Protein chains: 2
Amino acid sequence: MPPKLSRRQQDILEFIQAFMEEHQFPPTVRDIQAGCEISSTSVVDYNLHKLQQNNFLKRLPEVSRGIELIGEGLRGSKRDIISIPIMGNIAAGEPLHVPDAPTTADEGYDEVDLPASMTGGAQNVFALRVKGESMIDALVADGDLVLLEPTTEVSNGDMVAAWLNDEEETTLKRFYIEGDMVRLQPANSTMQPIRVPASNVSVRGRVVGVFRTL
Amino acid sequence: MPPKLSRRQQDILEFIQAFMEEHQFPPTVRDIQAGCEISSTSVVDYNLHKLQQNNFLKRLPEVSRGIELIGEGLRGSKRDIISIPIMGNIAAGEPLHVPDAPTTADEGYDEVDLPASMTGGAQNVFALRVKGESMIDALVADGDLVLLEPTTEVSNGDMVAAWLNDEEETTLKRFYIEGDMVRLQPANSTMQPIRVPASNVSVRGRVVGVFRTL
DNA sequence: GTTGACACAGCACATATGGTCTGATAACTT
DNA sequence: AAGTTATCAGACCATATGTGCTGTGTCAAC
């Protein structure tokens, strides 16, 4: 695998990205030729073929402008948008439904579109709509959208969605292990942390974002 | 002005949107012909021309797949992404810099890309990065991104960014006029509102969104 | 030196694709 | 009913555009 692109291939890739931001369609071979000051269309074809082999783009044969950026080629492009399913509500006292199946942005759920960069690279992100004022110590209001990455393994200091077995409550807090106990620290620094036995806490996911529209 | 689209024009528009989500480029006249079961390319051309007149799309003559969705035509499409400039910081005690010039998403500023739907249709939206904990009664934390629509005319109940002349502070609160006084109500319902003379308040913009990534 | 892979140049060809011209039908006006 | 406009059909043309063929210079391996 030649992970390195030639100067010309980089130029071509950047030109395609720029072109697609300006227009809403990919350039032709001859557009690229002119834009990158290449003397022959066959050179463009040759390098496009290389870029395709290295999985930066996909070409549809015999199709004009049949170029689709994929994988690495999308990096930095505005097309780098993902659809995040809104899988339900989150509220104190309600069990938190976390998707077990591979979180495909399927039908059946509402969705939000966001730039992939805003999820911090997390995979399988899903969203929940906050109901009620119970998350206010996490600086989350009624109607907010919480982005969660499903995981049970979290590090100290992560903001997590945790289910408290005894209290039968879902809560959003920063998570710290302290021996057999877990300290849950509200995001609002004026409020006090709570300490509970580790056995009383099950982490459902890591919070990667909070969104509020008014 | 838009006298309403014919059935066929709606079909074509929807087909183009669907096609552009599947591929990364617009369909050809003949793609549309096949996709909408139209008998002649001239019919497609005719209706495309109409759609262009009604400002749903733009066509580039002599260019294959030279279709760009604009305005209404973008509605519901994933392309409906806008770049919002991050124009600086917002913190208590700091004067709030509101763009006076036409807020073009120019160079010189960092940007966030968001679906246009998330700004609630507001125009000229810009963003500010929150510094410090002083906005905590608006459920806004250090590092959050606040989306603002520049305006001085707000309705009762709007969340606004207000500058308090005497206190020399910027604050985010819900805004209510009460005679000569203005009541500024924190978003956090556990906290008390403040009342100040209307002359002490200058509204700098309406808050349309709050975003936090962790 | 010969060989051969690699990147490039130039050209020519086939077809993919937008546009046009001529009428036909339906819908609407007066 | 006659005229006018909007929409559609089918054929045809011009060109926009992907692709193949041949050749050239470079460079490293043998």
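State, to one decimal in nm², a quarter of the convex hull surface area for the C-alpha atoms of the range A:104-214, i.e. the direction-averaged projected area. Could you put the intermediate results ahead of the total?
Values: hull surface 31.3 nm².
Here the figure is 7.8 nm², rounded to one decimal.
Using the structure shown, list the pairs from B:Lys131/B:Lys173; A:Lys131/B:Lys131; A:Lys58/B:Lys50 with a Cα-Cα distance above 22 Å, or answer none.
A:Lys131/B:Lys131; A:Lys58/B:Lys50
Between B:Ala18 and B:Val43, what FRET efficiency follows from the Cβ-Cβ distance if R0 is 22 Å, with the result rounded to 0.05?
It comes to 0.70.
Work out which residues of the range B:35-81 lose at minimum 40 square angstrom of accessible surface when the other protein chains are put back, relative to the chain isolated, with a 1.4 angstrom probe, and list them by number.
At a threshold of 40 Å² (probe 1.4 Å), the residues of the range B:35-81 that become less exposed are B:Ser64, B:Arg65, B:Glu68, B:Lys78, B:Arg79, B:Ile81.
Using the basic label-point model (7 angstrom from Cα toward the beta carbon), what is the A:Glu167 to B:Arg129 distance in nanometres?
The modelled label-to-label distance comes out at 3.3 nm.
Reachable aspartates and glutamates from A:Lys4, Cα under 14 Å, same-chain residues fewer than 8 places away excluded?
Once the sequence-local aspartates and glutamates are set aside, what remains near A:Lys4 is A:Glu72.
From the P(r) of the range A:7-74, can you give the percent of Cα pairs sitting at distances over 18 Å?
Numbers: 551 of 2278 pairs.
Above the 18 Å cut-off, the range A:7-74 has 24 percent of its Cα pairs.
Evaluate the charge dipole of the protein assembly as shown about its Cα centre and quote only its size in Debye, nearest 20, assuming +1 on the Cβ of each Lys and Arg and -1 on the Cβ of each Asp and Glu.
Values: 40 positive and 62 negative charges, 218 e Å.
Value, rounded to 20: 1040 debye.
Using only the alpha-carbon atoms, how far is helix A:41-53 inclined from the longest principal axis of chain A? Give it as 0 to 90 degrees, nearest 10.
30 degrees
Taking the label point 7 Å from Cα in the Cβ direction, how far apart in nm is B:Asn55 from each other copy of itself, listed shortest first?
List, nearest first: 4.5 nm.
Using only Cα atoms, find the angle between the long axis of helix A:7-22 and the longest principal axis of chain A, and express it within 0 to 90 degrees, rounded to the nearest 10.
70 degrees
To one decimal in nm, how far is A:Asp166 from the same spot in the other copies, if labels go 7 Å from Cα toward Cβ? Please give the shortest first.
For A:Asp166, the inter-copy label distances come out at 4.8 nm.
In the range B:199-214, which residues become less accessible by 40 Å² or more once every protein chain is in place, relative to the chain on its own, using a 1.4 Å probe?
B:Val210, B:Phe211, B:Arg212, B:Thr213, B:Leu214
Taking a label point 7 Å from the Cα of B:Val203 along the Cα→Cβ vector, which residues of the range B:121-161 have an amide N closer than 11 Å to it?
Residues B:151-161 fall inside that zone.
Any residues in the range B:107-127 that have 30 Å² or more less accessible area with all protein chains than in their chain alone, probe 1.4 Å, and which are they?
Relative to the lone chain, where solvent access is computed with a 1.4 Å probe, the range B:107-127 loses at least 30 Å² at B:Asp113, B:Pro115, B:Met118.
Where the label is 7 Å out from Cα toward Cβ, how close does B:Glu178 come to the same position in every other copy, in nm, shortest first?
List, nearest first: 4.1 nm.
For chain B, take the alpha-carbon Rg, divide it by the Kirkwood Rh, and send me Rg/Rh.
1.14
In debye, nearest 20: dipole of the range B:128-214 around its Cα centre with unit charges on the Cβ of K, R (+) and D, E (-)? Kindly include the intermediate steps, with their values, before the conclusion.
Values: 9 positive and 13 negative charges, 53 e Å.
Roughly 260 debye, rounded to the nearest 20.
List the residues, sorted by chain then number, that are 5 or more residues from B:Lys173 or on another chain and whose placed amide H is less than 5 Å from its amide H.
B:Val160, B:Ala162
At a 1.4 Å probe, what is the % contribution of carbon and sulfur to the accessible area of the protein assembly as shown?
Its accessible area is 46 percent carbon and sulfur atoms.
Going by the rotation axis that takes chain A to chain B, pick out the residue of A with the closest C-beta and quote the gap in whole Å.
So the chain A residue sitting closest to the axis is A:Ser64, 2.
For chain B, what is the charge dipole size about the Cα centre, in debye to the nearest 20, if Lys and Arg each add +1 at the Cβ and Asp and Glu each add -1 at the Cβ?
It works out to roughly 860 debye.
Can you compute the helix-only [θ] at 222 nm over chain A? Use -39500 (n - 2.57) per DSSP H run of at least 4 residues, normalise by all residues, nearest 500 deg cm²/dmol.
The helix-only estimate for chain A comes to -5000 deg cm²/dmol at 222 nm.
The values are calculated or read from the model by the stated rules, or taken from the named source; none is laboratory data. What you see is a predicted model, and the numbers here were worked out from it, not measured in a lab. Cβ coordinates were reconstructed from backbone atoms using ideal geometry, including for glycine residues, and neighbour counts include every protein chain displayed. These area figures cover heavy atoms from the full protein model, side chains too; ligands, DNA and RNA do not enter into them. Shrake-Rupley method; radii C 1.70, N 1.55, O 1.52, S 1.80 Å.
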